[in-house]
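This report concerns only the one structure given below.
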Amino acid sequence: MKNETWLFGYGSIMWKTGFNFENRELCHVKGWTRRFWQGSTDHRGTPEFPGRVVTLIESASEHCWGTAYRLPASDANNILEDLDYREKGGYDRPDLSLTLDSGRTIAGTTYIAQPRNHNYLGESSLEDIARQISFSSGPSGSNKEYILKLHQTLEQYDIQDDHVATLAQLVLKQTESTL
């Protein structure tokens with residue numbers, strides 16, 4: 001359909017949409033992978049103790065599964081403006097090609113934190129990322145809650161993501177060792 005607006009959610013948007021949508025379908029983007037490389041100083045951490053949230057990283061041989069949301073035409077601009085504010089901590093809103101679970105390829109938009117943004121933390125060892133997640137918290141809740149909800153949501157959709165699964169296990173192990 002012409003003038004459809006589709007949004008790709010691969011992080012918190014998968015379980016905390018906070019907006020109306022007309023349709024939701026599993027989808028993936030080719031050439032990208034999900035990584036906990038973006039710092040969160042306004043949601044899951046603070047400027048002094050940033051949390052870590054996901055962004056997409058280019059990776060030619062991989063693909064990232066998530067959820068595509070078709071936004072109501074009458075409200076799409078307002079929804080994206082609200083999300084621009086929600087994702088203001090370093091995310092850009094590029095367009096990309098989404099492959100729906102039905103096999104249809106569509107144009108969509110998403111939020112990606114590029115390395116040039118001031119909150120970008122980049123790659124680190126999984127143990128260091130898990131430690132940071134285990135102890136960070138911000139206005140939207142604990143960073144631990146974020147990763148565990150993301151992991152749970154991916155499992156509910158039967159989406160395999162080794163990076164998220166390994167980090168979730170490490171975060172749980174961190175928590176157990178501090179009890």
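Values quoted throughout were computed directly from the atomic coordinates according to the rules given, and no laboratory measurement underlies them. The shown structure was predicted, so the numbers you read here are calculated from the model rather than taken from an experiment. Please note: Cβ atoms are built from the backbone with ideal geometry, for glycine as well, and neighbour counts cover all protein chains shown.
Taken over the stretch 1-51, the criterion of being closer than 20 Å to Gln114 by Cβ and polar (S, T, N, Q) is satisfied by Ser12, Thr33, Gln38, Ser40, Thr41.
Inspect the stretch 133-144 for any residue being closer than 20 Å to Arg86 by Cα and among the aromatic types (Phe, Trp, Tyr) and give the result as yes or no. No, the stretch 133-144 has no match at all. Total residues in the stretch 126-168 satisfying the condition of being in a loop (DSSP other than H, G, I, E, B), in contact with a helix residue (DSSP H, G or I) (Cβ under 9 Å, 6 or more places away or on another chain) and either farther than 18 Å from Phe49 by Cβ or without any contact (Cβ under 8 Å) to a residue 12 or more places away in the chain (or both): the figure is 4.
Mind telling me which of the residues Thr41, Thr99, Thr55 ends up being more than 13 Å from the chain's Cα centre (by Cα), closer than 22 Å to Tyr146 by Cβ and not aromatic (Phe, Trp, Tyr)? Just one listed residue meets the conditions, Thr41.
Kindly provide the set of residues from the stretch 58-88 that are buried (at least 19 other Cβ atoms within 10 Å of the Cβ), within 27 Å of Ala165 (Cβ to Cβ) and over 13 Å from the mean Cα position of the chain (by Cα), ordered by number. The one that is buried (at least 19 other Cβ atoms within 10 Å of the Cβ), within 27 Å of Ala165 (Cβ to Cβ) and over 13 Å from the mean Cα position of the chain (by Cα): Tyr69. Scanning the stretch 14-42 for residues that are out of contact with any Asp or Glu (no Cβ under 9 Å at 6 or more places or on another chain) and surrounded by 20 or more Cβ atoms within 10 Å (Cβ to Cβ) yields Met14, Val29, Phe36, Gln38, Gly39, Ser40.
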